[in-house]
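Have a look at the structure below before the remarks.
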Amino acid sequence: MNIRRERFKRLYPKRLEKAIWSIRSIGKLSEKSNYIFEEDEVLKMISKLVSELKVTIAKFDITKETSSPGINDEINDQLKNEIKSLENEFNKRNELVLLELENIKRNLRI
């Protein structure tokens, strides 16, 4: 077997496990009994995670010709839907934060 293929097969499970562990660790920061955080901090963090995930997905450049028929489309659709869902949630929360900031600004002028 090709050395580069063997290296990939050896490394990706460890790196994937480490990435999942790190994301779960970040998720533990949501424990309000242990941490105090601002919503805008969380939104920035999620935005960075989604952005990095998009970059990583793009780097693999998986084309329809090289993957099994139908599987690539299904995976791409799932990823696109999940990313759009996260972006929509981010945008909704971001809009709420902006509205709240506007309200605070108005109140300070009084």
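Of everything in segment 93-110 that is modelled with pLDDT under 75 and among the basic types (K, R), the residue that is farthest from K48 (Cα to Cα) is R109.
The condition of being touching a residue at least 40 places away in the same chain (Cβ under 8 Å) and out of contact with any Pro (no Cβ under 7 Å at 6 or more places or on another chain) holds for only one of L49, L43, L16, that being L43.
Quick test of your reading of the structure: V55 fulfils all but one of (1) modelled with pLDDT of 90 or more; (2) under 16 Å from the mean Cα position of the chain (by Cα). Name the failing condition by number. Just one mismatch for V55, condition (1).
Every residue, every condition in (1) in a helix (DSSP H, G or I); (2) touching a Leu at 6+ places or on another chain (Cβ under 9 Å); (3) farther than 28 Å from K84 by Cβ, yes or no:
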residue	(1), (2), (3)
E6	yes, no, yes
K18	yes, no, no
S22	yes, no, no
F37	no, yes, no
K44	yes, no, no
K48	yes, no, no
L53	yes, yes, no
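The residue list L43, L49 contains one member that is modelled with pLDDT under 90, surrounded by 10 or more Cβ atoms within 10 Å (Cβ to Cβ) and touching a Lys or Arg at 6+ places or on another chain (Cβ under 6 Å), which is L43. Among the residues here, Y12 qualifies as over 16 Å from the mean Cα position of the chain (by Cα) and within 25 Å of N81 (Cα to Cα).
The values are calculated or read from the model by the stated rules, or taken from the named source; none is laboratory data. This one's a predicted model, so the numbers in the text were calculated from it and none came from an experiment. FYI the Cβ positions are ideal-geometry reconstructions off the backbone, even for glycines, and counts take in every protein chain you see.
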